[in-house]
Amino acid sequence: MVVRLKYYIMIVIFILCVILLGLLSKKNKEAIIIDKEHSYFHDFKIYNGKVYMYCTITLENITDNNLSFSIFAESYKDKANGLITNERMKGYEWEIDEKTRDMKVTDKKIFFINRKQKISELKIVFIGEHGSGRLKMKSRGYPLP
């Protein structure tokens with residue numbers, strides 16, 4: 001069940017990132033591509049009224065322009081189940097705290113990618129307000145391929 005949950009969340013986040021990154025481009029010729037084979041979901045945590053969804057994403061700028069962007073994810077099912085209060089979550093960079101070995105959120109929420117550059121293993125945490133509902137594993141559907 002936990003594997004299905006992680007797989008579902010990863011798919012939703014990747015699809016929405018692709019859509020949102022495409023919409024953030026200034027021209028149709030500009031694009032940032034997510035390398036799905038080298039991107040993955042780590043874990044999610046509920047802490048102090050917030051839900052944290054940790055991912056590692058590999059991006060590639062296939063344009064001739066330097067780009068700045070923000071990353072968002074949307075999860076309508078998590079809102080419907082009460083896990084989060086708003087389906088739209090903003091992405092921030094995260095890192096491993098050297099002392100505690102825990103995942104730590106940084107303040108970085110705007111990212112830059114140079115022209116024709118590939119960024120490997122960009123660590124992103126999507127943060128949303130925790131809803132009033134409890135997460136029921138059996139209530140989450142298996143993602144469609």
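The values are calculated or read from the model by the stated rules, or taken from the named source; none is laboratory data. Quantities reported herein were computed from a predicted structural model and do not represent experimental measurements. Because the Cβ atoms are built from the backbone with ideal geometry, glycine has one as well, and the counts that use them run over all protein chains shown.
Worth pointing out:
- Residues of the range 75-103 that turn out to be in a strand (DSSP E or B) and surrounded by fewer than 15 Cβ atoms within 10 Å (Cβ to Cβ), as a count: 3
- Residue 116 at pLDDT below 85 and among the charged types (D, E, K, R): no
- Screening 44, 69 for residues that are touching a Leu at 6+ places or on another chain (Cβ under 6 Å) and under 26 Å from residue 129 (Cα atoms) leaves exactly one candidate, 69.
- Filter result for residue 15 (of a type in the set (A, V, I, L, M, F, W, C), modelled with pLDDT under 85, under 24 Å from residue 130 (Cα atoms) and surrounded by fewer than 15 Cβ atoms within 10 Å (Cβ to Cβ)): no
- A Cβ distance below 6 Å, combined with a sequence gap of six or more or placement on separate chains, defines the contacts here; from the range 78-102, residues that are touching a residue at least 24 places away in the same chain (Cβ under 8 Å) and on the phi < 0 side of the Ramachandran plot reach residues that are assigned to a loop (DSSP other than H, G, I, E, B) and basic (Lys, Arg) in the pairs 92/109; 93/108.
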